[in-house]
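The values are calculated or read from the model by the stated rules, or taken from the named source; none is laboratory data. Small disclaimer: the values here were computed from a predicted structure and weren't measured. Don't worry about glycine lacking a Cβ; one is built from the backbone with ideal geometry, like all the others, and counts go over all protein chains shown.
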Amino acid sequence: MHLDAVTAGVARRPEVLRFFASIEQAVVTEDADFVVFMGDCHDPGSMQESLYCSDLIDFAGALGRRATFLLIPGNHDVIECSVLTHEMWPLTTLSPVRTAFAQHQNNVLTVERPMFVEALVEGTDLGVLALPYTAKVHSGRVAGWLDDAFRDSEGWRERHPDQPFIVVGHMTVPGAVLGSESAEMARGGDRDFPFKRVAALRPSAVANGHYHRRQVVRSAGIDVVMPGSPMGFTFGEANDGGKGYLVVEV
């Protein structure tokens with residue numbers, strides 16, 4: 001959502017805030033149970049970080065009163081340091097037991113590393129594999145985190161073979177069409193989407209952030225849907241079309 005984006009000297013925050021309002025309305029209209037934000041709130045280091053964080057807290061609080069809201073960091077959110085942290089940290093209440101999965105205001109949750117979570121929606125057995133972007137400084141730990149997340153997902157799938165299972169990520173997807181944002185708004189490195197391991201879980205739906213152009217990439221028998229950004233942030237996105245959000249029924 002790039003709250004800090006500036007295009008040709010014009011700050012885009014007012015448009016993003018209007019998009020927040022449209023999402024709040026869509027949750028009501030669609031009677032949504034579960035909302036996912038797949039990363040890229042704003043870059044670290046801005047003098048206006050507190051303003052952007054306040055915007056996100058207000059948005060999350062409004063959604064959390066109506067649905068479960070899950071957030072995962074993107075490459076524009078993570079901070080390169082030894083501690084797992086990101087620009088959505090104000091929504092995170094760290095626990096000595098589960099420092100990588102935190103809860104805020106009951107229905108608002110952040111996942112800071114690859115992880116399986118379940119029962120996010122009250123009264124359902126929905127399973128979710130979250131694949132957030134992780135900072136380059138943690139590259140040596142990512143493989144282990146992924147193994148843990150897939151092991152937990154596989155165990156849950158064996159116990160719940162017919163229940164809905166979704167995968168949400170902020171990763172690079174081989175075969176996806178890169179937009180102008182990949183050059184003009186580049187940050188971080190590649191984290192390739194694990195198609196084969198995800199396909200083995202027989203997911204009901206797979207969605208991924210990162211790309212501004214709405215598109216679908218099929219590989220290993222699954223479709224990875226990229227809803228795209230809510231609006232064009234670079235001039236190269238002017239003809240992308242289909243900006244907005246994705247509604248999924250499982």
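Just give me the residues in region 1-31 being over 25 Å from Asn208 (Cβ atoms) and touching a helix residue (DSSP H, G or I) at 6+ places or on another chain (Cβ under 6 Å), in sequence order. Hits for region 1-31: nothing passes. The single condition among (1) modelled with pLDDT of 90 or more; (2) in contact with a helix residue (DSSP H, G or I) (Cβ under 9 Å, 6 or more places away or on another chain) that Ala60 does not satisfy is (1). Within region 68-90, if we keep just the residues that are in a strand (DSSP E or B) and not polar (S, T, N, Q), the residue that is farthest from Ile57 (Cα to Cα) turns out to be Val78. Considering (1) out of contact with any Lys or Arg (no Cβ under 7 Å at 6 or more places or on another chain); (2) modelled with pLDDT of 95 or more; (3) outside any helix (DSSP H, G or I); (4) of a type in the set (A, V, I, L, M, F, W, C), the lone condition that Val198 does not fulfil carries the number (3). Can you tell which of Glu249, Glu154 is acidic (Asp, Glu) and either part of a loop (DSSP other than H, G, I, E, B) or free of Cβ contacts under 8 Å to residues at least 40 places away in the same chain (or both)? Just a single option satisfies the conditions, and that option is Glu249.
For region 91-124, the set of residues classified as assigned to a loop (DSSP other than H, G, I, E, B) and at pLDDT below 50 consists of Leu94, Ser95, Pro96, Val97, Arg98, Thr99, Ala100, Gln105, listed by residue number.
Yes/no per residue for (1) out of contact with any His (no Cβ under 7 Å at 6 or more places or on another chain); (2) surrounded by 16 or more Cβ atoms within 10 Å (Cβ to Cβ); (3) modelled with pLDDT under 95; (4) more than 21 Å from Leu146 (Cα to Cα):
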site	(1), (2), (3), (4)
Tyr211	yes, yes, no, yes
Ile222	yes, yes, no, no
Pro230	yes, yes, yes, yes
Leu246	yes, no, yes, yes
Glu249	yes, no, yes, yes
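Give the residues of region 20-66 that are outside any helix (DSSP H, G or I) and more than 16 Å from Tyr245 (Cα to Cα), sorted by residue number. Hits for region 20-66 are His42, Asp43, Pro44, Gly45, Ser46, Met47, Gln48, Arg65, Arg66.
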